[in-house]
1. Evaluate the range 41-54: report whether one residue or more is open to solvent by 10 Å² or more (accessible area, probe 1.4 Å) and under 22 Å from Q223 (Cβ atoms).
2. Hand me the list of strands (runs of 3 or more DSSP E) wholly inside the range 190-247 holding 2 or more residues that are under 14 Å from S35 (Cβ atoms), in contact with a Ser or Thr (Cβ under 6 Å, 6 or more places away or on another chain) and among the acidic types (D, E).
3. Whether any residue in the range 153-162 is more than 16 Å from the ligand (Cβ to nearest atom), in contact with a helix residue (DSSP H, G or I) (Cβ under 9 Å, 6 or more places away or on another chain), at pLDDT 95 or above and assigned to a strand (DSSP E or B) is what I want to check.
4. Mind checking whether some residue in the range 6-26 is under 18 Å from S170 (Cα atoms) and open to solvent by 10 Å² or more (accessible area, probe 1.4 Å)?
5. Counting just the residues of the range 139-152 that are away from the ligand (no atom under 16 Å from the Cβ) and part of a strand (DSSP E or B), which one comes out least open to solvent (accessible area, probe 1.4 Å)?
6. Test L101 against the stated conditions and say whether it is in a helix (DSSP H, G or I), closer than 24 Å to A25 by Cα and more than 16 Å from the ligand (Cβ to nearest atom).
7. Filter the range 107-129 for residues that are in contact with a helix residue (DSSP H, G or I) (Cβ under 6 Å, 6 or more places away or on another chain), outside any loop (DSSP other than H, G, I, E, B) and closer than 21 Å to G159 by Cα; which is farthest from the ligand (Cβ to nearest atom)?
8. Quick one: is E59 of a type in the set (D, E) and either buried (at least 24 other Cβ atoms within 10 Å of the Cβ) or over 19 Å from L139 (Cα atoms) (or both)?
Amino acid sequence: MEVLRICGEIPLHGEVYVSGSKNAALPQFAATLLSHEKSILKNVPDLSDVQFMGEIISELGADVNQLDKTTWEINPANISHCAPYELVRKMRASICLLGPLVGRLRKAEVPMPGGCVIGQRPIDLHVRALEGLGANVELDKGKVVVDAMNLRGSHIFLGGRNGSTVTGTSNAIMAAVLAPGSTKIESAACEPEIIDLCNMLKKMGAKIKGIGSHILEIDGVNQLQGCTHEVIPDRIEAATYAIAAAITKGNILINNVYAEHLGSFINLMNISGVAVSNSEINQISVKSEQQSIQSFEVITLPYPGFPTDLQAQCCALACKAKGISILTERVYPSRFMHVPELLRMGADISMEGASCMVKGGINLIGAPVMASDLRASAALILAGLAAKGKTWVQRIYHLDRGYDSFEKKLQALGANIERVPQSKLPKSF
Ligand code: EPU
């Protein structure tokens, strides 16, 4: 086990390069299974979740080769419909195997993902989509078992109590592209990761209209071909570096980022006094050196609303913003596991239902803290970068699931952050 040791209060400067998007890459690995032919994915981030996904589809029978750090070749000529529990249980995103297995093999067995710390993560909408397409879905000994011998195009409504579903939409699309007839998906998620999946599927020969909107129309085809596809940049990683610059009062340039994917975030930064602009194509600049950060209000919503995957990091930023900030979760109402750990660093945060109120402008003090999930890990590291003294972030395997070379990229921006063995963690503080 390793921990991250951070010595804070150093303004970040320089340039950082953003990796490919985790949440785009994972369903794209699954999408390669829709064809018998070889596909190549480029700009894939180097993450443990990606390695898990590679292992899972290799267990399913695909020939999976990582050609270099960011390029994967997948040849799924012969695959089985049963996903292995031991690997699937490690990663919730493996639920997005359902759609491709159903589309190509007309049957699937995928262990049901359990709940997790960011909240309940039901799959009723995934089931609704598959049943709507004519499949029979049952839960058997913890597995989602799908018989889709009568798969056919249909009209599906995918809205849920917390909005549309991202991986549920991916599953519906991936089953529908090979379903006979026409499918209309209403209240589809329209996150950039869904658009990227649709663009990849179109290269494979899928017929999809309405890409980027909440209504998708799909004409099923008999078969798909392999393709070469480059994964879009990770908008959440990019925004996390922007917050790192803001919270340390630094100035940085972020490369390989699509500013158009970060509209709600860039707007929030600008109104709170952090100058974020689209300096060049695929580059944003963040300037926080001269300005004090003002308090802000965040309400997370499905895209193009403010991303839930940035709420924890903004909570850390709010600790340094002048005044009272309010952050409300509308996607995962209990995604606040970072709050008790930020309190250990001297933050002044109170919870009220799915909102937290942060009294900002305080001095954070370094402390040993525990990461509970991916975005909470990032939030604690950001707080550590701004804190006086040393912060020790434990359970960083959560971080490695979703941030490619995080501490190395921060080091290149001047941060004093180091990965050390757990044994180096002091016994007392
Ligand atoms: N929901 C249902 N029923 C369903 C599916 C979802 O009620 O059948 C609810 C969820 O409980 C939640 C809301 O709908 O309240 C949205 O969930 P969604 O299905 O969109 O989430 P997801 O597809 O499981 C993806 C990302 C998450 C990100 C969410 C929201 C991937 C692999 N994961 O999850 O990413 O938070 O969308 O944008 O794409 C992360 O990267 O840290 C992460 C958790």
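1. No - not one qualifying residue is present in the range 41-54.
2. Ranges flagged: none.
3. yes
4. Yes, some residue in the range 6-26 is under 18 Å from S170 (Cα atoms) and open to solvent by 10 Å² or more (accessible area, probe 1.4 Å).
5. Restricting to residues being away from the ligand (no atom under 16 Å from the Cβ) and part of a strand (DSSP E or B), the top hit is V145.
6. When the stated conditions are applied, L101 passes them.
7. A129
8. yes
The values are calculated or read from the model by the stated rules, or taken from the named source; none is laboratory data. Source: prediction; values computed, not measured. Note that we place each Cβ from the backbone using ideal geometry, even for glycine, and neighbour counts take in every protein chain shown. Note: accessible area is taken over every heavy atom of the protein model, side chains too, but ligands, DNA and RNA are not part of it. Shrake-Rupley method; radii C 1.70, N 1.55, O 1.52, S 1.80 Å.
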